[in-house]
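Quick note: the coordinates plus some simple rules give every number you see, no bench work behind them. Predicted model, so just to flag it, every value in this text is computed and none were measured. We place every Cβ from the backbone using ideal geometry, glycine too, and count neighbours over all the protein chains shown.
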Amino acid sequence: MEKRSPLAYLTLAARLLIGGLFVYACIHKIGDPVGFAVAIRNYTILPAAWSNIAAITLPWIELGAGLFLILGIQARPAALLTTSMLAVFLVALIYAYTIGLDIDCGCFSSAAESKGRVGLYHLVRDTALFLTSLFITLTDKEEFSILGFIPLGPVKPADT
């Protein structure tokens, strides 16, 4: 059995955390694209038509990236994608916070269901998530990939 470094285990934990959060975050958005479009529109950054397209496509991208991180398939590219998304989310949160928008962040639920408003907590949380995702991007070597457990060679017939 090959010995893995503590960094490999820390990277795996980070992958599972970020991947799990992205999968969890997309569930309500996929189920309520209209509510998510409203949450996006509340930031007043994108035109209405773009917020509709984003509300339909973004949750599926989050789902794919999250599953790839959890399974360890193309984990570094998936982490680069989640890091990029988190950077955009963080910029939007900073914008909303600095101009004093009293809106829901739209992170883990539809705008109608959420009780939270964009605040310092959201900025700290998303900064920590951004840094965690960046850590995965920089350190993951796909040591714990589901592909490592799947035989990828040709199947040989059994001797009879």
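Each label point was placed 7 Å from the Cα along the Cα-to-Cβ direction; for residue 76 and residue 27 their separation is 3.2 nm.
Relative to the globular-protein estimate of 2.2 N^0.38 Å, the Cα radius of gyration of the range 6-145 stands at 1.04.
About its Cα centre, the dipole of the chain is roughly 160 debye, where the only charges are +1 on Lys and Arg Cβ and -1 on Asp and Glu Cβ.
Could you order the peptides 86-92, 6-12 from most to least packed, using the average number of other C-beta atoms within 10 Å per residue?
86-92, 6-12
Here the spin labels are modelled as points 7 Å beyond Cα on the Cα-Cβ line, and at residue 141 and residue 50 they lie 4.1 nm apart. Take the Cβ atoms of residue 97 and residue 67, set R0 to 25 Å, and the FRET efficiency comes out at 0.25.
Normalised by the number of residues in the chain, the mean separation of alpha-carbon contacts (under 8 Å, six or more apart) gives a relative contact order of 31 percent.
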